[in-house]
Structures are given as C-alpha cells and as structure tokens.
Amino acid sequence: MSQGYKTPPDQIDMQGAERKIRASGTLGFVLFGIAVGAAYWLLPAFIAFPVELGERLAFAARAGAVVAFCVLVAVGLVSTTRRFSPEDIGGSAAGPPSEKLAIYVAFLQNTLEQAVLAVGFYIAYASLVAGAWLSLIPVSVAFFVVGRVLFLRGYRQGVEGRALGMVLTMTPAIVGYPVVFILMVLSWL
C-alpha cells in the first residue's frame, strides 16, 4: 500500500513510478504542443504581440511577474504555516519542519528552481522572436501556474501525485531552451 511521499525507499515500486512519470511526461508534451499550436493561431486575435525589442522584453518581464507571484504564494504558505505552528515558529534553524510545513518548504524550493528556469527562458526567447511567436510565453505561464497547483495538490501522493504538475511546469523550459539555443545560433550565422 502506497504511503505517498513518505513511502520508504525499499517499498517504492520504481517501475510503476517510472510508468507514471512517462505517462505524465507524454501527456504534458502533447498538451503543450497542442496549446502552443492553438495559441500561435488564435492568440493574435486577442493580444497585440510586440515587435520591438524593448516591448518584447517588457512582455517577458510581465510574464515573469506571474511566475514570481507563484513564488510569493509559496513563501506565503511557508510563513503562514510557520507562524501558526508551535513546532515551526522557531524557524528553520530551530529544527526540522513539521510534516505540513515540510511539504510547503519542498514546494517553495521547487517553485524557486522552476521560476529561475522559466523567467530566464521567457527573457531569452523574447529577445529572439517577435509577433505571434511570442504566444509561446503566455502558454508557458499558464502551464507554470497549472503545473504548480497540480504539483502541490498531488505532493502527498508521492511521485505519482506530483508527476503531472512537475511535467507541466517544466515542459516549456525543456522545449524552450533548445529552441532558444537554435535561434541564437541561427542569429549568429
């Protein structure tokens, strides 16, 4: 019987976990491909994507603010839980976190890591493309937000519960950074 994230290592069904991660990965990549294609064709009817470099970078910075807001929410979860928990009020130096706080701390740490990757991608990508190609950024932001919600909601269920949220959060960066590197090389030729 799975105990979620607290399952002892010798009791984890690694093959089952790997199948779940692969299934979530496949679903995430398919959804991202569909969303990017739809956004490229549909979003220009609703959003005037910038063409000039300064406006494109401002567009990326605004997208990054949404991601930073997710970090702010994660910080708020940690600080609020700490404030109302006798086990945690002393701070991280006072001892290990309670079970509830530990999940929020893990969520905060992972969200910070993902935010750095996401915002870096948005800025680099916006420096290289213009117009409808920028539709990748709002899609990426939506995937980041939905991914973070699913990651946190599924955390207690272990890797199986976190997998889809993690994939949705990371897919834009996994796809986007190679695109950025290709565009950089092409711009140098």
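The condition (being in a helix (DSSP H, G or I) and either surrounded by 22 or more Cβ atoms within 10 Å (Cβ to Cβ) or in contact with a Cys (Cβ under 8 Å, 6 or more places away or on another chain) (or both)) is satisfied by just one residue among LEU186, LEU164: LEU164. Only one entry in ALA102, ALA130 is more than 28 Å from SER79 (Cα to Cα) and in contact with a Pro (Cβ under 8 Å, 6 or more places away or on another chain), namely ALA130. Each residue in the stretch 76-113 was checked for being over 17 Å from LEU150 (Cα atoms) and either assigned to a loop (DSSP other than H, G, I, E, B) or in contact (Cβ under 8 Å) with a residue 40 or more places away in the chain (or both), and 12 of them qualify.
Close contacts from the stretch 135-149, counting a first residue that is within 13 Å of GLY28 (Cα to Cα) and a second that is of a type in the set (Phe, Trp, Tyr), with Cβ to Cβ under 8 Å and a gap of 6+ residues or different chains, come to VAL139/PHE32; SER140/PHE121; SER140/TYR122; PHE143/PHE32. The residues of the stretch 38-61 that are surrounded by 13 or more Cβ atoms within 10 Å (Cβ to Cβ) and not in a loop (DSSP other than H, G, I, E, B), listed by number, are ALA39, TYR40, LEU43, PRO44, GLU55, ARG56, LEU57, ALA58, PHE59, ALA60, ALA61.
Every number in this text was worked out from the coordinates using simple rules, so none of it is lab data. Keep in mind that what you see is a predicted model, and the values were worked out from it rather than measured. Backbone-built Cβ (ideal geometry, glycine too); neighbour counts: all protein chains shown.
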